[in-house]
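The values are calculated or read from the model by the stated rules, or taken from the named source; none is laboratory data. All figures in this text were calculated on a predicted structure; none of them were measured in a lab. With ideal geometry, Cβ positions are generated from the backbone for all residues, glycine too; neighbour counts draw on all protein chains shown. Areas reflect the complete protein model, heavy atoms only, side chains present, ligands, DNA and RNA absent. Shrake-Rupley method; radii C 1.70, N 1.55, O 1.52, S 1.80 Å.
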Amino acid sequence: MGASVAAPADSPRASGRRPWVLVLLLAFLGVGVFFSPILGTVSVAPDTVLRILLHQVSGGALFSHPCAGASVPASGCAGLIEIVWDARLSEIMLAVVVGAGLGISGGTLQGVFRNPLADPFLLGISSGGTLGAAVVVVFRIGVADQNLLLPLFAFIGAIGTGFVILVAARSRFGSVETLLLTGVALSSFLSAVLSLLLLYSPTGSLQVDFWLLGNLGSLDWTQDGIVFGVVLVAGTLLATYGRELNLLQLGPDVAQSLGVDSRKVRVRLLLLASVTTAAAVAFTGIIGFVGLVSPHVVRRIAGSDYRIVLPGAALVGAGFLLAARDLSLVAFPGTLLPIGIFTSFAGAPFFAYLLFRRRGTSTMGSP
Amino acid sequence: MSGPTDPALRLRQVTVRFGERMALQDVNLEVPKGQFLALTGPNGSGKTTLLRAALGFLAPQSGSVELFGSEVLSLSVAERARRVAWVPQEENPRENVPLLDYVLYGRYAHLEWLQGETARDREAALRALRAVGLEERAEDGILSVSGGEKQRAILARALVQEAPLVLLDEPTSHLDIAHQLDLLTRVRELSRERNVTVVAALHDLNLAARFSDRIVVLSRGRRVADGAPTEVLSEELLARVWGVVADLRRDPRTGAPYLLPHHLVPPAPSGPGTFLGKGPVHVVGGGGSGAPYLRALSEAGYRVTAGALHLLDSDLETAENLGALTAVEVPFAPISDEVRERLRNLLQAAKAIVVAPFPVGPSNLPNLEEVRGWLGRVPILLVRRPSGVEWDFAGGRARALEEELLRGGARQVAGAAEMLAALAAEPSVPLPQ
């Protein structure tokens, strides 16, 4: 056995498992969430913002007069609290939750399809979900229950798209290329339908850019709560499938021989990822590339074990979207641009990088 | 989980169809516990399909597959994994997972939901790595080890799965000869130490004969031979199932039979005038009488076979120089049953038989007796003997046999040129290109 081929000197290192990275990521995110309300469309002094936050968090015990010394608007301190707490923090929490949902969905899809280029946006699941939500808005279905119907229709759109992709992946032409092309075609098609719907909506002008480019603004805590609840439940369920995803990377047959019901698990994971994506995009529109980039970042820093990749992708996704929001406010003070523009700016080159790196190596097989 | 008398694997009347194609047809098979069974057969004979049916990857159109007494498809996927482990032909991992983690994947079916691997699992994985000689490399990534090491890691994973039945699908087809021997030796040792039943699909008949207790041969989805390697392996089997002419020898050290493949058996005639390839043409000769005909045939493009001949006969030298298959007897001895059997195999493959004007004695008389058996089945050409030269030293029996051949339809030819012309005229022995 001494004659066995020695590993080449530049062979990739075994990807270890670094769970502590998750703690680090969580800490970073916490700091980010705490300081992000300083940035906003109107200028509020940073120290005032932090005082308001601590005041609100402590239930009024700390800083009984949080606005002391600040230039208070006409509405008084309550107005400032509303800006910081209700507007900014709800927007920030939405960024966190949506980013987490997209991140963990992306990680799951990459695992299910054994394809590093899978992502809810590129596969059209985001477009499907957004289209579902837009239908509710455009046709004014159940105006009173929009908080319920919007996510429900988004689920239908996202899951429907998910199943079309599953069928494409299962067909005998189910190569990586087929899968991505199906996704790209679906994504474009659904976006086109969405644009048409919005441009000729019976209710008059609805902002097309809002839906197609993703937007964090104009939500309230109720909507935040819905997204938060769904992403938390579906995301937590997804995160329990790390071990199965590890085994699925060996191929569905090998995984099954080891005890994973491959077919059932893959369908279940696709369903959960679609639900998570749907919740994420139901109120915000299409936000691209978060699901693609986040899992890769985690793999780089914490190893490729899906038991870490999934929660890690949620944390990185949350941080990514939060950073996009903050950067947008730094770059263009006074306006909150559609958040999808920023994620695409960072994500598209990353996608290209992955594509070209893939051609160099050949670590990808068919799904 | 099973009765003591239940076999590890039992197939009853299993039929699997893929569209029009019959992958398995009414296959019955029982593998007792502890057996090392080699499953063999040509490409597309149904080996992999049989293994996949045993793993529950596919549902047969009819028949039943049982693992230790339970219908495989009625078991949960996890329960199947606790009963049967699989070592595939090749695995293409995409992440550079440390070998230890790769082996730990085998514990999945033994863990509760969300339960992490315990220290016991890690110890089991390390033991398995030690059993396959990879304990030093536990922390190396699966993508950075060699093909042989990867197959051993997969074997270690199957071991920690603690399944009493292990199925291997061509586990050595991507390995060099040293690693083939290494892997199968380990499998056999482990199966004996742990009383694990092994079913291995193996292309290589010599490896199958050497390592298995039993060989099952599949051909076109049917079980066509089954038994101990010494019983099953024969030149006849190779010709019939694989279409290959081979010599059967015996390994002097292990006693295992081994086969030395020579060339393909030409396709059987399917009608007059069908193109049948260039022979082979069998030449019966001896004492140098066959050499001119062997050479003439070979130069004309026919493949030739010769025999039975005695060792040191000059015809034998000629035949071997021409690359001919031969049946050989030790000098001066009468033709033994074994050599006679070999001669029969050569005659069976022959498209035509040429009887050279050789001196016939009691020891080589069986040559003519065997040729007689092919009358009416292939063209037989007798080379006219020079007059006045005594050639029948078998007390008239040789002369009687030749006359019988001529009466039965054998043709007489005057020399090599006439022989070639006669062959060319035969519809079933077309002209060489």
**OP:** Enumerate the amide H contacts of B:Glu329 below 5 Å, restricted to partners 5 or more residues apart or on another chain; note that Pro and chain-start residues carry no placed amide H.
**Re:** B:Leu309, B:His310, B:Leu311
**OP:** Please calculate how many Å² of accessible area segment B:306-433 carries per residue, with a 1.4 Å probe and no DNA, RNA or ligand atoms counted.
**Re:** 47
Original post:
Roughly how many whole Å is it from the C-alpha centroid of segment A:288-322 to that of segment B:168-187?
Top reply: 39
Original post:
Where the centroid of each part is defined by its Cα atoms, how far is segment B:330-346 from segment B:32-104 in Å?
Top reply: 45
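Taking each residue in B:95-105, count the Cβ atoms of any other chain within 10 Å of its Cβ, then average. What number comes out?
6
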Subject >> Ratio of Rg to Rh over the protein assembly as shown (Cα coordinates, Kirkwood Rh, two decimals) >> reply: 1.19
**OP:** Mind jotting down the three principal axis lengths of segment B:97-229 based on Cα atoms? Whole angstrom, largest first.
**Re:** 47, 31, 27
Original post:
For segment A:17-357, which semi-axes, largest first and in whole Å, follow from the square roots of 5 times the eigenvalues of its Cα gyration tensor?
Top reply: 35, 24, 17
**OP:** Rounded to whole Hz and in sequence order, give me ³J(HN,Hα) for segment B:101-110 from the Karplus expression 6.51 cos²θ - 1.76 cosθ + 1.60, θ = phi - 60°, writing x for Gly and Pro.
**Re:** 5, 4, 6, 5, 3, x, 7, 3, 5, 9
Subject >> Whole-Å semi-axes of the ellipsoid equivalent to segment B:280-335 (Cα gyration tensor, √5λ, descending) >> reply: 19, 10, 8
Subject >> Extension gain (nm, one decimal) between B:Arg253 and B:Arg384, 0.36 nm per residue minus Cα-Cα >> reply: 42.4 nm
**OP:** For segment B:175-272, report the translational diffusion coefficient in µm²/s to the nearest whole number, using Stokes-Einstein at 25 °C, 0.890 mPa s, and a Kirkwood Rh over Cα pairs.
**Re:** 165
Original post:
Using only Cα atoms, what Kirkwood radius does chain B have, in angstroms?
Top reply: 24.9
Subject >> Calculated from backbone phi, Karplus (6.51, -1.76, 1.60) coupling profile of segment B:394-410 in Hz, x at Gly/Pro >> reply: 10, x, x, 5, 5, 4, 4, 5, 4, 5, 5, 4, 5, 5, x, x, 5
Subject >> Sum of -39500 (n - 2.57) over DSSP H runs of 4+, divided by residues of chain B (222 nm, nearest 500) >> reply: -9000 deg cm²/dmol
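Could you state how much accessible area is buried at the B-A interface, both sides summed, with a 1.4 Å probe, in Å² to the nearest 100?
Looking at B and A, the buried total is near 3100 Å².
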**OP:** Please give the per residue accessible area of segment A:17-357, computed with a probe of 1.4 Å over protein heavy atoms only, in Å².
**Re:** 39
Subject >> Heavy-atom accessible area ranking, 1.4 Å probe, most first, across A:Ile125, A:Ile341 >> reply: A:Ile341, A:Ile125
Original post:
For segment A:17-357, which whole percent of the accessible surface, found with a 1.4 angstrom probe, sits on carbon and sulfur atoms?
Top reply: 71
Original post:
So what's segment A:245-367 giving for Cα Rg divided by 2.2 N^0.38 Å, two decimals?
Top reply: 1.23
Original post:
Round to a whole number: what % of the accessible area of segment B:1-48 belongs to carbon and sulfur, probe 1.4 Å?
Top reply: 47
**OP:** State log₁₀ I(q)/I(0) for segment B:301-433 at q = 0.11, 0.13 Å⁻¹ as given by the Debye formula over alpha-carbon point scatterers of equal weight, solvent excluded.
**Re:** -0.38, -0.54
Original post:
Would you list B:His174, B:His262, B:His110, B:His282 from the most to the least accessible area, probe 1.4 Å?
Top reply: B:His174, B:His262, B:His110, B:His282
Original post:
Tell me, what ³J(HN,Hα) does each residue in segment A:342-357 have, in order and in whole Hz, if you take phi through Karplus 6.51 cos²θ - 1.76 cosθ + 1.60 with θ = phi - 60° and put x for Gly and Pro?
Top reply: 6, 5, 5, 4, 7, x, 4, x, 5, 4, 4, 4, 4, 4, 6, 5
Subject >> Per residue accessible area of segment B:144-248, 1.4 Å probe, in Å² >> reply: 35
Original post:
Between segment A:220-276 and segment B:217-251, what is the C-alpha centre distance in whole Å?
Top reply: 50
